[in-house]
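Some notes on the structure that comes next.
The values are calculated or read from the model by the stated rules, or taken from the named source; none is laboratory data. Owing to the predicted nature of the structure, the values given are computational and were not obtained by experimental measurement. Heads up, the Cβs are rebuilt from the backbone with ideal geometry, glycines too, and the neighbour counts pull from every protein chain shown.
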Amino acid sequence: MEKFDVVVVGAGLAGSAAAYQAARAGLQVILAERGPKPGTKTVSGGLLYTHGLGKMFPEFWKEDPSPVERAITRNVVSFLTPTQAASLDFYDASFGVPPYNSFSVLRSRLDPWLAAKAEAAGAVPVYGAKVDGLLREGDRVVGIRSGGDELRADVVVDAEGSNAWTSRQAGQQPEADNATVGVGVKQVIGLPPGELERRFQLRGSEGTQITTVGFTQGVEGGAFLYTNRDTLSLGLILNMRSLVQHNVRMFEVLEEFKQHPWIQKLLDGGTLLEYSGCFVTEGGLPRVPPLSGPGYLLAGAAAGLFLNTAFTLRGMDFALESGRIAGEVAAEAVRAHDPSAAFLARYAERLRKSFVLRHLTTYRNYSKVFENPRLYSLYPEILTSLLHRAYFVDGSDRDHLHAMLRASHRGKASLWTLGRDMWKAMRTL
Ligand SMILES: Cc1cc2nc3c(=O)[nH]c(=O)nc-3n(C[C@H](O)[C@H](O)[C@H](O)COP(=O)(O)OP(=O)(O)OC[C@H]3O[C@@H](n4cnc5c(N)ncnc54)[C@H](O)[C@@H]3O)c2cc1C
């Protein structure tokens, strides 16, 4: 049996950030990852907001090889019906200059890059090592079990991602609830040279992100499409309860989604390079479990740190920041010879002051807005029907705009329902 200062479970973004921070403080750190190397098991749409990583590695985009793909300057949100797309299309040149707002990333590049930083700082990586459980003495976590081995540590940082199997087994958080669990699938699609730039009007290293609502067979959730250097990342995140209620399968929704005439044009001639899937904890702040206990800290998606506002999908910047703070607090606890619950509670305190829990608190009721089934078929229909009337011209009489609006929702939703939904959304948002 060996003893280390810190054992980190999972070499995703939260885990590698924690290992990097603790190793930099001079601690003996083990970074245990079940995959053969970092980035082989992680799934992300791939839009990374720059600020979190920038705290540890200012100007990380200048590194060679670069851990990022394209600087996102064009953000599009679209409401889809089977043949239409009504979009808000926002281009901002200031997002394309340092320090940048966001980058598209591929986890197969970003994760090994960050884990290598942790290793260079002194952390010892152990890949292909699945952590099977936590070692305990009384209520205190004192290490991990992996295969036949046991490793003791003063502090265990659990950064195992959204399945959170280890911490659920250990009773550190409740079982997942299908109403607040999202199922994510993602494909990486290669396009012929030059096609990406032509189809998305890209120049240099600028990129586009598109998120969509609607055309998911009525299932609650949405889709994303991001431009990488020479590939596209395409995927869906759908609510598990809603998938079951609609009795449809994830891959069927994805395959149909790819046939949408607007989406199809963007994917035409593409080659499927990667296909992956993963769960996402979507409940927001109310689903965040206790973040620490005697001898352990919970970071990243394992702690349910994820936020979807339709405009932004955030998990990676939360993972990086929570991992960084976990590494910092673990180092302080080891130096103080005090891995007690009371000492480690400073982790949650710091997270509360950081953007992670501040932003989750601001948007704590957000998931309620997305529980409205009308958002996924009725409202895209009303919006596109209004725009169709506004743009379509023939010889027949034309209505004024308010008459068009009435005609668009007539027979679909009463003014009372529209007003109530709008009022609820305004109050929640
Ligand atoms: C389809 C999809 C799209 C998304 N899009 C975005 C987006 O565009 N932007 C964004 O910011 N966020 C996005 N997210 C969320 C984001 O991917 C996660 O929040 C983020 O990856 C969490 O990072 P993490 O390090 O906490 O966990 P993960 O990235 O899941 O890393 C966990 C690591 O732990 C390892 N591990 C797990 N169990 C064990 C074990 N028992 N022993 C050893 N190792 C173990 C795993 O192999 C993995 O390497 C998306 C998620 C999905 C599913």
Could you go through region 271-282 and let me know if any residue there is touching a Ser or Thr at 6+ places or on another chain (Cβ under 7 Å), within 15 Å of the ligand (Cβ to nearest atom) and part of a loop (DSSP other than H, G, I, E, B).
yes
Are any of the residues in region 290-310 surrounded by fewer than 21 Cβ atoms within 10 Å (Cβ to Cβ), within 12 Å of the ligand (Cβ to nearest atom), closer than 30 Å to Ser78 by Cα and touching a residue at least 12 places away in the same chain (Cβ under 8 Å)?
yes
Looking only at region 247-284, how many residues end up being charged (D, E, K, R), touching a residue at least 40 places away in the same chain (Cβ under 8 Å) and surrounded by 12 or more Cβ atoms within 10 Å (Cβ to Cβ)?
3
Evaluate the following for Lys117: is it in contact (Cβ under 8 Å) with a residue 60 or more places away in the chain, charged (D, E, K, R) and part of a loop (DSSP other than H, G, I, E, B)?
no
Would you check which residues across region 211-247 are farther than 20 Å from Glu282 by Cα and aliphatic (A, V, I, L, M) and list them?
Leu232
Give just the number: which of (1) crowded, with 19+ Cβ neighbours inside 10 Å; (2) more than 10 Å from the ligand (Cβ to nearest atom) does Asp111 not satisfy?
(2)
Pairs only if they're at least six apart or on different chains, beta carbon under 6 angstrom, first in region 149-168 and assigned by TED's automatic domain parsing to the domain that holds Asp139 and within 20 Å of Arg287 (Cβ to Cβ), second more than 6 Å from the ligand (Cβ to nearest atom) and at pLDDT below 95; list them, first residue then second.
Asp158/Ser167; Ser162/Phe279; Ser162/Thr281; Ser167/Gln173
Kindly indicate which of Ala71, Ala93, Ala123 is surrounded by fewer than 23 Cβ atoms within 10 Å (Cβ to Cβ) and either among the acidic types (Asp, Glu) or over 24 Å from the mean Cα position of the chain (by Cα) (or both).
Ala93
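Here is a yes/no grid of residues against (1) more than 16 Å from the ligand (Cβ to nearest atom); (2) over 24 Å from Val183 (Cα atoms); (3) acidic (Asp, Glu):
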residue	(1), (2), (3)
Gly284	no, no, no
Gly315	no, no, no
Arg335	yes, yes, no
Leu378	yes, no, no
Tyr391	yes, yes, no
Given the criterion of a type in the set (Lys, Arg) and surrounded by fewer than 13 Cβ atoms within 10 Å (Cβ to Cβ), identify the matching residue among Lys368, Lys353.
Lys353
Can you find, within region 125-141, the residue that is nearest to the ligand (Cβ to nearest atom) among those that are farther than 17 Å from Glu160 by Cα and assigned to a strand (DSSP E or B)?
Arg136
The residue that is surrounded by the most Cβ atoms within 10 Å (Cβ to Cβ), considering only those in region 156-193 that are part of a helix (DSSP H, G or I) and more than 7 Å from the ligand (Cβ to nearest atom), is Ser167
Looking at the structure I just gave you, is Ala71 under 25 Å from Ala164 (Cα atoms) and among the hydrophobic types (A, V, I, L, M, F, W, C)?
no
What are the pairs with Cβ atoms under 6 angstrom where one residue, in region 402-429, is under 27 Å from Phe392 (Cα atoms) and the other, located anywhere, is of a type in the set (D, E, K, R) and outside any helix (DSSP H, G or I)? Sequence gap at least six, or different chains.
none
Give the residue that is nearest to Ala331 (Cα to Cα), with candidates limited to residues of region 142-166 that are among the acidic types (Asp, Glu) and over 20 Å from the mean Cα position of the chain (by Cα).
Asp154
Just one listed residue, out of Gly207, Gly221, Gly235, is more than 18 Å from Asn308 (Cβ to Cβ), within 13 Å of the ligand (Cβ to nearest atom), crowded, with 16+ Cβ neighbours inside 10 Å and not hydroxyl-bearing (Ser, Thr, Tyr), and it is Gly207
When the residues of region 213-229 are filtered to those that are in contact with a strand residue (DSSP E or B) (Cβ under 7 Å, 6 or more places away or on another chain) and not in a strand (DSSP E or B), which remaining residue is farthest from Leu80 (Cα to Cα)?
Asn228
Output the strands (runs of 3 or more DSSP E) that fall wholly within region 1-94 and possess 1 or more residues being away from the ligand (no atom under 12 Å from the Cβ), more than 14 Å from Gly327 (Cβ to Cβ) and touching a Ser or Thr at 6+ places or on another chain (Cβ under 8 Å), or say none.
71-81, 84-91
Taking interchain pairs and intrachain pairs at least six residues apart, which have beta carbon atoms under 8 angstrom, with the first residue in region 16-32 and under 18 Å from Arg145 (Cα atoms) and the second polar (S, T, N, Q) and near the ligand (Cβ under 9 Å from one of its atoms)?
Leu31/Ser16; Ala32/Ser146
Do we have any residue at all in region 262-275 that's under 30 Å from Arg168 (Cβ atoms) and not aromatic (Phe, Trp, Tyr)?
yes
